[in-house]
Amino acid sequence: MARYGMALDYKNCINCKACEVACKEENGILLGADKHRIWVGVKEIEGEFPLLSIASNTFMPSQCQQCDNAPCQEVCPTHATYYDENGVVRVDPDKCILCSYCMNACPYDARYVDDRTVTVDKCNFCSDTRLARGETTTACQATCPTKVRIFGDLDDPESELSQVLREREHFTLKTHLGTEPKLFYLI
Amino acid sequence: MDLQKIIPYRKMSLKELLIPENKFMAFVAVALTALFLIGVGIYLVHGHHAYGVTRQHPWGLLIAVYIFFVVSSTGLCIVGSFGDVFGFKDYMSVSKRAIFGSIVTILAGFAVIAFEIGHPVRMMIYNVLSPGLTSAIWWMGTLYGIYLTFMIIEFIFLVRNDMKRAKVAGLIGLLVGLAAHSNLGGVFGFLNARVVANGVFYPTYFILTAFITGIYLIFLMYGYKYRGQDFPSDIAKALTNFMKIQGLLLAILMFFETWKMLTGVYGGMPERADVIMHILHTKSFWLGEVLCGMVIPFVLILATKGSAIKKMVWASFIGMIGIFYMRYDLVHDAQLFPMQTLKIREYQLPPSFVEYFPSSTEIMIGIGGVGICLILYYLGTKLFDLDTMPEHH
């Protein structure tokens with residue numbers, strides 16, 4: 001029993017997209033622009049040469065926010081979306097009826113239709129791959145060359161994640177919606 | 001078991017049943033149903049890839065058509081209930097036909113949604129085995145299932161002229177139908193992330209527009225039945241009353257819409273004001289929703305003081321086109337604003353409104369639903385006496 005979360009030291013991201021590749025490889029995500037569990041958002045440089053705003057050019061890795069109060073779970077008519085024992089928001093493909101309500105309800109665009117199972121899929125912190133094998137890291141975290149991602153147990157005060165959240169300022173996305181995300185962006 | 005004892009129907013040969021008096025309508029109904037079947041065939045081969053829906057716009061035309069049909073059903077249920085549930089004598093003559101209409105429209109809606117939901121059989125199983133009670137879709141679907149059951153029971157009692165039992169079944173069906181329909185509004189109203197849809201508007205708006213749709217449809221049904229001839233006096237009386245009620249309802253709808261748009265734009269709030277401004281720049285809103293759905297019928301009602309019931313049949317046809325646009329737009333508008341989280345450029349263009357246009361398969365299944373509705377309605381008019389009502393009850 002844990003409560004998994006992730007911190008993203010997003011300013012370290014170099015947009016190499018190794019995390020996206022690792023996620024696809026580890027979890028067997030199909031190819032295609034719409035088929036992704038995680039992504040790196042690119043904000044282009046603003047302004048015109050020579051007055052370019054270097055500060056505006058950021059890379060923002062993102063994915064399912066693993067909300068503690070997930071709108072996608074709340075709207076699911078068949079409990080196909082559920083919280084597992086580690087607080088990870090997951091989809092049971094046997095119960096998913098593909099009504100797509102969760103895709104509409106998710107404020108983060110974190111869900112897509114997986115053509116392998118013809119059900120809705122999303123990031124589950126590698127719960128049915130790496131964590132199921134007893135590993136303690138996610139694929140995106142393990143592969144990141146600049147150590148953007150810190151995955152761990154929020155309930156364990158000694159975890160690296162808990163420590164970094166105690167020491168560094170951070171924010172969550174669309175906090176005002178009350179979704180209580182478990183992805184923290186380090187400032 | 002003798003079916004005739006359960007629900008009295010006209011006995012006729014298959015040939016008699018299948019030879020329609022109006023060849024043109026028969027052709028339209030069969031052609032549309034054929035389109036439906038072709039669309040379903042393509043869907044069964046290609047799945048959702050045959051549709052224009054995307055990750056960012058997962059709900060498309062078929063959701064809109066489903067809503068169109070269930071709004072029609074709820075509306076006809078309300079219209080039919082005036083007579084047999086509430087006992088207003090002036091409306092008694094249209095009850096049976098309206099209740100039958102509510103059954104065929106919801107069946108057409110179910111036929112369409114069955115090919116939008118990815119796993120309809122699984123839905124029936126897990127709706128029962130692991131109900132998601134916080135889901136508006138669960139409540140909407142379940143309540144509509146119960147609603148359909150009571151509508152059928154009510155209709156059976158109506159055909160048997162058992163007005164007492166029809167009244168009880170009708171009241172339950174009406175209440176469950178209103179609950180189901182407002183839950184359908186809640187499906188959109190509960191979307192906290194979609195500012196333009198979130199809130200109390202849709203659950204109430206759905207009931208209001210259902211009533212309006214029901215009146216348009218009752219005009220269409222009787223306009224078709226008495227085409228080229230005068231309405232009988234009892235029908236004319238009911239329709240005249242409904243036309244006046246429609247004037248009031250359309251006025252309320254225009255008032256609602258005006259304030260929805262004003263509050264949406266006011267203050268320039270991101271995600272709300274820009275979406276509303278976008279809607280206000282679309283032809284489908286002004287020509288479809290406003291002109292066809294509200295203004296043309298409303299002007300006719302005002303200009304004739306609610307007496308031109310023959311002209312209202314045509315205005316109702318135009319009104320139904322407007323109602324379709326209302327359904328289509330509400331589904332599309334709710335998804336207009338991209339939910340991108342910092343995906344500024346990678347997988348899509350910089351922030352702009354999400355685009356969607358239905359695929360040919362979606363269009364075939366969507367308008368094909370009308371064909372199913374017409375065929376079921378035709379069979380009903382042949383098999384059942386939809387007009388004779390007992391004098392007193």
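The table for this structure:
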quantity: Residue list for region B:86-126, filter: open to solvent by less than 30 Å² (accessible area, probe 1.4 Å) and either more than 22 Å from the chain's Cα centre (by Cα) or among the polar types (S, T, N, Q) (or both); calculated: B:Gly87, B:Met92, B:Ser93, B:Ser95, B:Ser102, B:Thr105
quantity: Sole residue being away from chain A (no Cβ under 14 Å), farther than 19 Å from B:Ala169 by Cβ and open to solvent by 40 Å² or more (accessible area, probe 1.4 Å), chosen from B:Lys23, B:Lys5; calculated: B:Lys23
quantity: Residues of region A:93-102 satisfying the condition of being facing chain B (nearest Cβ under 8 Å) and touching a residue at least 24 places away in the same chain (Cβ under 8 Å); calculated: A:Cys96, A:Tyr101
quantity: Test: residue in region A:151-164 that is closer than 24 Å to B:Arg55 by Cβ and out of contact with any Ser or Thr (no Cβ under 8 Å at 6 or more places or on another chain); calculated: no
quantity: Filter result for B:Gly145 (of a type in the set (Gly, Ala, Ser), free of Cβ contacts under 8 Å to residues at least 40 places away in the same chain and either under 19 Å from B:Ala210 (Cβ atoms) or open to solvent by less than 50 Å² (accessible area, probe 1.4 Å) (or both)); calculated: yes
quantity: Whichever residue in region A:116-143 is outside any loop (DSSP other than H, G, I, E, B) and within 14 Å of chain B (Cβ to nearest Cβ) and, among such residues, is surrounded by the most Cβ atoms within 10 Å (Cβ to Cβ); calculated: A:Val120
quantity: Residue in region B:177-187 that is at the interface with chain A (Cβ under 9 Å from one of its Cβ atoms) and in a helix (DSSP H, G or I) present; calculated: yes
quantity: B:Phe201 vs. criteria surrounded by 16 or more Cβ atoms within 10 Å (Cβ to Cβ), over 22 Å from B:Gly80 (Cα atoms) and out of contact with any Gly (no Cβ under 6 Å at 6 or more places or on another chain); calculated: yes
quantity: B:Ile117 hydrophobic (A, V, I, L, M, F, W, C) and in a loop (DSSP other than H, G, I, E, B); calculated: yes
quantity: Filter pass, A:Pro77 being in contact with a Cys (Cβ under 7 Å, 6 or more places away or on another chain) and over 30 Å from B:Leu133 (Cα atoms); calculated: no
quantity: Hey, A:Val113 touching a helix residue (DSSP H, G or I) at 6+ places or on another chain (Cβ under 7 Å), open to solvent by 20 Å² or more (accessible area, probe 1.4 Å), closer than 24 Å to A:Glu25 by Cα and not in a loop (DSSP other than H, G, I, E, B) or not; calculated: yes
quantity: Test: residue in region A:62-79 that is touching a helix residue (DSSP H, G or I) at 6+ places or on another chain (Cβ under 8 Å), at pLDDT 90 or above, surrounded by 15 or more Cβ atoms within 10 Å (Cβ to Cβ) and more than 14 Å from every other protein chain (Cβ to nearest Cβ); calculated: no
quantity: Residues located in region A:151-183, provided they are away from every other protein chain (no Cβ under 14 Å) and within 27 Å of B:Ala193 (Cβ to Cβ); calculated: A:Phe151, A:Leu154, A:Leu161, A:Leu165, A:Glu169, A:His170, A:Lys182
quantity: Any hit, region B:102-115, residues being within 11 Å of chain A (Cβ to nearest Cβ) and closer than 20 Å to A:Ala105 by Cβ; calculated: yes
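This table checks each residue for (1) at negative phi; (2) open to solvent by less than 70 Å² (accessible area, probe 1.4 Å); (3) not charged (D, E, K, R).
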{"site": "B:Ala251", "(1), (2), (3)": "yes, yes, yes"}
{"site": "B:Phe255", "(1), (2), (3)": "yes, no, yes"}
{"site": "B:Lys260", "(1), (2), (3)": "yes, yes, no"}
{"site": "B:His278", "(1), (2), (3)": "yes, yes, yes"}
{"site": "B:Leu287", "(1), (2), (3)": "yes, no, yes"}
{"site": "B:Gly293", "(1), (2), (3)": "yes, yes, yes"}
{"site": "B:Phe317", "(1), (2), (3)": "yes, no, yes"}
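The values are calculated or read from the model by the stated rules, or taken from the named source; none is laboratory data. Fair warning: this is a prediction, and the values are worked out from it, not measured in the lab. Don't worry about glycine lacking a Cβ; one is built from the backbone with ideal geometry, like all the others, and counts go over all protein chains shown. Only protein heavy atoms, including side chains, enter the accessible area calculation; ligands, DNA and RNA are left aside. Shrake-Rupley method; radii C 1.70, N 1.55, O 1.52, S 1.80 Å.
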